[in-house]
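This report refers to the structure that appears directly beneath it.
The values are calculated or read from the model by the stated rules, or taken from the named source; none is laboratory data. None of the values given here were measured: they were computed from a predicted structure. All Cβ positions, even for glycine, are placed from backbone atoms using ideal geometry, and neighbour counts span all protein chains on display. Ligands, DNA and RNA are stripped out before the accessible areas are found, and what is left, the full protein with its side chains, is counted by its heavy atoms. Shrake-Rupley method; radii C 1.70, N 1.55, O 1.52, S 1.80 Å.
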Amino acid sequence: MPHPASGGPGAAVGEPRQVPRHVACVMDGNGRWAQQRSLPRTLGHRAAETTVIDVIEAARAAGVGWLSLFAFSTENWRRPDTEIAFLMHLVRQVVRKHAPLLHARGIRCRFLGMTDPRIPPELGRDIADLRTLTARNRGMTLTVAFDHGGRRDIVEAARSLMRSGVPAEDVTEEVFAAHLPMPDTPDVDLVIRTSGEQRISNFMLWQVAYAEWLFPPVLWPDFRAPDFLQCLHAYRQRERRFGAVPTNKNGATSP
Ligand code: IPE
Ligand code: IPE
Ligand code: MG
(Lines give C-alpha, C1' and ligand atoms only; values in the text may rest on other atoms or scores of the structure.)
(Ligands and ions follow the chains in the order given, each with its own letter.)
Protein backbone atom coordinates (compact mmCIF):
# COMPACT_ATOMS: atom_id res chain seq x y z
CA MET A 1 0.00 0.00 0.00
CA PRO A 2 1.24 3.50 -0.68
CA HIS A 3 1.87 5.56 2.42
CA PRO A 4 -1.03 7.95 3.03
CA ALA A 5 1.46 10.74 2.43
CA SER A 6 2.12 9.57 -1.13
CA GLY A 7 0.88 12.71 -2.83
CA GLY A 8 -2.68 11.66 -3.41
CA PRO A 9 -4.42 9.23 -5.70
CA GLY A 10 -2.25 8.04 -8.55
CA ALA A 11 1.09 8.05 -6.75
CA ALA A 12 2.04 4.40 -6.34
CA VAL A 13 5.03 2.83 -4.68
CA GLY A 14 8.00 2.85 -7.05
CA GLU A 15 6.23 5.13 -9.49
CA PRO A 16 6.31 8.86 -8.86
CA ARG A 17 3.57 10.86 -10.48
CA GLN A 18 4.79 12.14 -13.83
CA VAL A 19 4.42 15.67 -12.53
CA PRO A 20 4.75 16.16 -8.77
CA ARG A 21 1.48 17.32 -7.33
CA HIS A 22 3.10 19.62 -4.76
CA VAL A 23 6.49 21.28 -5.29
CA ALA A 24 8.02 23.41 -2.51
CA CYS A 25 11.02 25.70 -3.06
CA VAL A 26 13.41 27.03 -0.44
CA MET A 27 14.45 30.16 -2.29
CA ASP A 28 18.02 30.43 -1.03
CA GLY A 29 21.14 32.28 -2.14
CA ASN A 30 19.98 35.85 -2.68
CA GLY A 31 22.59 37.30 -0.32
CA ARG A 32 25.46 35.38 -1.90
CA TRP A 33 24.28 36.37 -5.38
CA ALA A 34 24.60 40.03 -4.37
CA GLN A 35 27.89 39.55 -2.51
CA GLN A 36 29.44 37.90 -5.58
CA ARG A 37 28.68 41.16 -7.42
CA SER A 38 29.85 43.42 -4.56
CA LEU A 39 26.25 44.60 -4.15
CA PRO A 40 24.27 44.98 -0.94
CA ARG A 41 22.37 41.81 0.05
CA THR A 42 19.07 43.57 -0.53
CA LEU A 43 19.74 43.73 -4.27
CA GLY A 44 19.91 39.95 -4.25
CA HIS A 45 16.37 39.89 -2.87
CA ARG A 46 15.25 42.30 -5.54
CA ALA A 47 16.80 40.11 -8.25
CA ALA A 48 14.81 37.18 -6.88
CA GLU A 49 11.55 38.65 -8.14
CA THR A 50 12.22 37.57 -11.75
CA THR A 51 12.92 34.02 -10.61
CA VAL A 52 9.73 33.89 -8.55
CA ILE A 53 7.58 34.85 -11.53
CA ASP A 54 9.50 32.51 -13.85
CA VAL A 55 9.09 29.54 -11.51
CA ILE A 56 5.39 30.22 -10.90
CA GLU A 57 4.80 30.30 -14.64
CA ALA A 58 6.92 27.19 -15.28
CA ALA A 59 5.15 25.24 -12.54
CA ARG A 60 1.71 26.22 -13.77
CA ALA A 61 2.54 25.40 -17.39
CA ALA A 62 3.97 22.01 -16.35
CA GLY A 63 0.75 21.09 -14.57
CA VAL A 64 1.97 21.35 -10.96
CA GLY A 65 -1.16 21.71 -8.84
CA TRP A 66 0.43 23.12 -5.70
CA LEU A 67 3.52 25.34 -5.51
CA SER A 68 4.88 26.55 -2.18
CA LEU A 69 7.65 29.15 -1.90
CA PHE A 70 9.59 29.77 1.31
CA ALA A 71 10.10 33.54 1.43
CA PHE A 72 10.71 34.38 5.11
CA SER A 73 11.18 32.09 8.10
CA THR A 74 10.38 32.66 11.75
CA GLU A 75 14.18 32.62 12.21
CA ASN A 76 14.72 35.35 9.59
CA TRP A 77 13.63 37.92 12.20
CA ARG A 78 17.23 37.56 13.44
CA ARG A 79 18.47 39.48 10.38
CA PRO A 80 19.38 43.18 10.49
CA ASP A 81 16.37 45.50 10.74
CA THR A 82 17.21 47.15 7.44
CA GLU A 83 17.16 43.83 5.56
CA ILE A 84 13.86 42.84 7.20
CA ALA A 85 12.29 46.19 6.34
CA PHE A 86 13.50 45.85 2.76
CA LEU A 87 11.96 42.37 2.47
CA MET A 88 8.60 43.53 3.85
CA HIS A 89 8.55 46.40 1.38
CA LEU A 90 9.66 44.19 -1.53
CA VAL A 91 7.01 41.55 -0.92
CA ARG A 92 4.36 44.24 -0.82
CA GLN A 93 5.60 45.66 -4.13
CA VAL A 94 5.70 42.23 -5.75
CA VAL A 95 2.20 41.35 -4.54
CA ARG A 96 0.72 44.59 -5.83
CA LYS A 97 2.56 44.47 -9.14
CA HIS A 98 1.81 40.85 -10.03
CA ALA A 99 -1.69 40.39 -8.60
CA PRO A 100 -3.41 40.95 -12.00
CA LEU A 101 -1.09 38.46 -13.75
CA LEU A 102 -1.53 35.81 -11.04
CA HIS A 103 -5.29 36.21 -11.23
CA ALA A 104 -5.32 36.11 -15.03
CA ARG A 105 -3.38 32.83 -14.89
CA GLY A 106 -6.03 31.30 -12.63
CA ILE A 107 -3.67 30.95 -9.66
CA ARG A 108 -5.11 30.81 -6.14
CA CYS A 109 -2.70 32.71 -3.84
CA ARG A 110 -2.33 32.59 -0.08
CA PHE A 111 0.37 33.27 2.52
CA LEU A 112 1.23 30.72 5.21
CA GLY A 113 2.44 32.19 8.53
CA MET A 114 2.06 35.95 8.81
CA THR A 115 1.23 35.99 12.51
CA ASP A 116 4.02 38.14 13.92
CA PRO A 117 2.89 41.62 15.02
CA ARG A 118 6.02 43.09 13.41
CA ILE A 119 4.51 42.48 9.95
CA PRO A 120 3.43 45.87 8.61
CA PRO A 121 -0.39 46.12 8.53
CA GLU A 122 -0.35 47.46 4.97
CA LEU A 123 1.42 44.28 3.83
CA GLY A 124 -1.21 42.23 5.63
CA ARG A 125 -3.94 44.17 3.80
CA ASP A 126 -2.38 43.70 0.36
CA ILE A 127 -1.99 39.99 0.97
CA ALA A 128 -5.61 39.71 2.13
CA ASP A 129 -6.67 41.53 -1.06
CA LEU A 130 -4.67 39.11 -3.21
CA ARG A 131 -6.19 36.14 -1.40
CA THR A 132 -9.71 37.49 -1.91
CA LEU A 133 -9.08 38.35 -5.56
CA THR A 134 -7.80 34.86 -6.40
CA ALA A 135 -9.84 32.76 -3.96
CA ARG A 136 -12.03 31.14 -6.60
CA ASN A 137 -9.21 30.31 -9.00
CA ARG A 138 -8.56 26.64 -9.65
CA GLY A 139 -5.48 26.70 -11.90
CA MET A 140 -2.74 26.19 -9.28
CA THR A 141 -2.50 26.95 -5.58
CA LEU A 142 0.46 29.17 -4.73
CA THR A 143 1.37 29.21 -1.05
CA VAL A 144 3.99 31.73 -0.01
CA ALA A 145 5.46 30.75 3.35
CA PHE A 146 6.15 34.10 4.99
CA ASP A 147 6.97 34.45 8.67
CA HIS A 148 6.60 30.67 8.54
CA GLY A 149 8.02 28.02 10.84
CA GLY A 150 7.21 24.32 10.56
CA ARG A 151 7.48 23.82 14.32
CA ARG A 152 5.19 26.75 14.99
CA ASP A 153 2.55 25.21 12.72
CA ILE A 154 2.78 21.92 14.61
CA VAL A 155 2.43 23.70 17.95
CA GLU A 156 -0.57 25.58 16.53
CA ALA A 157 -2.17 22.27 15.53
CA ALA A 158 -1.60 20.89 19.04
CA ARG A 159 -3.20 23.98 20.58
CA SER A 160 -6.17 23.78 18.23
CA LEU A 161 -6.65 20.08 19.01
CA MET A 162 -6.58 20.70 22.75
CA ARG A 163 -9.06 23.56 22.42
CA SER A 164 -11.40 21.32 20.40
CA GLY A 165 -11.42 18.76 23.21
CA VAL A 166 -10.67 15.71 21.02
CA PRO A 167 -9.90 12.78 23.35
CA ALA A 168 -6.23 11.77 23.18
CA GLU A 169 -7.04 8.26 21.92
CA ASP A 170 -8.92 9.76 18.94
CA VAL A 171 -5.92 11.76 17.74
CA THR A 172 -4.64 10.11 14.56
CA GLU A 173 -2.24 11.54 11.97
CA GLU A 174 -5.23 12.55 9.84
CA VAL A 175 -7.00 14.27 12.75
CA PHE A 176 -3.79 16.06 13.72
CA ALA A 177 -3.13 17.23 10.16
CA ALA A 178 -6.64 18.65 9.94
CA HIS A 179 -5.68 21.11 12.71
CA LEU A 180 -2.60 22.46 10.92
CA PRO A 181 -2.86 25.88 9.30
CA MET A 182 -4.11 25.45 5.70
CA PRO A 183 -5.08 21.83 6.23
CA ASP A 184 -6.08 21.34 2.58
CA THR A 185 -2.36 21.44 1.65
CA PRO A 186 -1.29 18.04 0.31
CA ASP A 187 1.99 16.46 1.32
CA VAL A 188 4.99 17.86 -0.53
CA ASP A 189 6.28 15.56 -3.30
CA LEU A 190 9.39 17.52 -4.23
CA VAL A 191 11.47 20.09 -2.34
CA ILE A 192 13.95 22.18 -4.30
CA ARG A 193 16.47 24.16 -2.27
CA THR A 194 18.73 26.35 -4.36
CA SER A 195 22.25 27.56 -3.51
CA GLY A 196 23.61 24.14 -2.55
CA GLU A 197 22.60 24.34 1.12
CA GLN A 198 21.29 20.97 2.26
CA ARG A 199 18.99 21.54 5.21
CA ILE A 200 15.33 22.01 5.92
CA SER A 201 15.51 25.25 7.97
CA ASN A 202 12.13 24.61 9.66
CA PHE A 203 10.14 24.52 6.40
CA MET A 204 6.74 22.76 6.29
CA LEU A 205 8.04 20.05 8.60
CA TRP A 206 4.83 18.03 8.70
CA GLN A 207 4.20 18.15 4.95
CA VAL A 208 7.73 17.23 3.79
CA ALA A 209 7.77 13.91 5.68
CA TYR A 210 8.11 11.84 2.49
CA ALA A 211 9.22 14.44 -0.05
CA GLU A 212 11.99 13.90 -2.58
CA TRP A 213 14.79 16.48 -2.23
CA LEU A 214 16.91 18.28 -4.81
CA PHE A 215 19.71 20.74 -4.03
CA PRO A 216 20.71 22.53 -7.23
CA PRO A 217 23.88 24.61 -6.63
CA VAL A 218 22.54 27.60 -8.59
CA LEU A 219 21.66 30.65 -6.49
CA TRP A 220 17.95 31.55 -6.46
CA PRO A 221 18.27 34.80 -8.51
CA ASP A 222 19.94 32.76 -11.31
CA PHE A 223 17.40 29.92 -11.19
CA ARG A 224 15.11 29.93 -14.25
CA ALA A 225 12.29 27.91 -15.83
CA PRO A 226 14.72 25.44 -17.53
CA ASP A 227 16.33 24.72 -14.13
CA PHE A 228 12.88 24.10 -12.67
CA LEU A 229 11.99 21.75 -15.54
CA GLN A 230 15.28 19.93 -14.99
CA CYS A 231 14.24 19.38 -11.38
CA LEU A 232 10.90 17.93 -12.53
CA HIS A 233 12.86 15.62 -14.83
CA ALA A 234 15.15 14.51 -11.98
CA TYR A 235 12.06 13.84 -9.85
CA ARG A 236 10.72 11.48 -12.50
CA GLN A 237 13.91 9.38 -12.19
CA ARG A 238 13.32 8.87 -8.48
CA GLU A 239 11.77 5.70 -7.17
CA ARG A 240 9.35 6.44 -4.36
CA ARG A 241 8.91 3.52 -2.02
CA PHE A 242 7.28 4.93 1.10
CA GLY A 243 8.92 2.21 3.14
CA ALA A 244 7.72 -0.65 0.95
CA VAL A 245 9.83 -2.86 -1.33
CA PRO A 246 10.46 -1.96 -4.97
CA THR A 247 7.98 -3.15 -7.57
CA ASN A 248 8.87 -4.66 -10.97
CA LYS A 249 7.59 -3.36 -14.33
CA ASN A 250 4.27 -5.19 -13.92
CA GLY A 251 3.67 -3.62 -10.53
CA ALA A 252 4.38 -6.86 -8.64
CA THR A 253 6.82 -7.06 -5.75
CA SER A 254 9.85 -9.36 -6.09
CA PRO A 255 9.60 -12.67 -4.21
C1 IPE B 1 17.08 33.58 0.80
O2 IPE B 1 18.31 34.11 0.49
C3 IPE B 1 16.04 34.65 1.05
C4 IPE B 1 15.61 34.78 2.45
C5 IPE B 1 15.94 34.02 3.42
C6 IPE B 1 14.73 35.89 2.73
P7 IPE B 1 19.37 34.47 1.62
O8 IPE B 1 19.16 35.90 2.01
O9 IPE B 1 19.27 33.48 2.72
O10 IPE B 1 20.72 34.32 0.83
P11 IPE B 1 22.09 33.74 1.39
O12 IPE B 1 21.80 32.36 1.94
O13 IPE B 1 22.57 34.68 2.45
O14 IPE B 1 22.96 33.70 0.19
C1 IPE C 1 15.61 29.58 4.73
O2 IPE C 1 16.77 30.20 4.29
C3 IPE C 1 14.48 30.53 4.67
C4 IPE C 1 14.12 31.04 3.34
C5 IPE C 1 14.62 30.68 2.19
C6 IPE C 1 13.10 32.01 3.34
P7 IPE C 1 17.88 30.78 5.30
O8 IPE C 1 18.99 31.19 4.42
O9 IPE C 1 17.28 31.79 6.19
O10 IPE C 1 18.23 29.50 6.15
P11 IPE C 1 19.57 29.11 6.94
O12 IPE C 1 19.84 30.21 7.90
O13 IPE C 1 20.65 28.98 5.91
O14 IPE C 1 19.23 27.82 7.58
MG1 MG D 1 20.22 31.69 3.02
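Observations
- Amide H partners (placed H, <5 Å) of R240, local residues excluded: G14, E15
- Region 106-150, dipole about Cα centre (Lys/Arg Cβ +1, Asp/Glu Cβ -1), debye to the nearest 20: 300
- Three-way shape call for the chain based on the alpha-carbon gyration tensor, with the a/c threshold at 1.5: oblate
- J(HN,Hα) series, region 114-120, from Karplus relation 6.51 cos²θ - 1.76 cosθ + 1.60, nearest Hz, glycine and proline x: 6, 10, 6, x, 6, 6, x
- Residues with amide H under 5 Å from that of V191, placed H, sequence gap 5 or more: A24, E212, W213, L214
- Span-like helix check, the chain: qualifying full DSSP H segments, with Cα axial length of 18 Å or more and mean Kyte-Doolittle of -0.5 or more, are 41-62, 81-104, 121-134.
- For region 24-236, the carbon plus sulfur part of the accessible surface works out to 54%, probe radius 1.4 Å.
- Alpha carbon centroid spacing (whole Å) that separates region 206-244 from region 34-51: 24
- Region 201-217 - phi-based ³J(HN,Hα) in whole Hz, Karplus 6.51/-1.76/1.60, Gly and Pro as x: 6, 6, 9, 6, 4, 5, 6, 8, 3, 10, 6, 7, 10, 10, 10, x, x
- Amide H contacts under 5 Å for C109: T134, L142, restricted to partners 5 or more places along the chain or on a different chain, H placed in the peptide plane at 1.01 Å from N.
- Of all beta bridges that DSSP places with both ends in the chain, some 5 percent have antiparallel geometry.
- Whole-Hz couplings from phi, Karplus 6.51/-1.76/1.60, listed for region 29-39; x for Gly and Pro: x, 4, x, 5, 4, 5, 4, 4, 9, 6, 10
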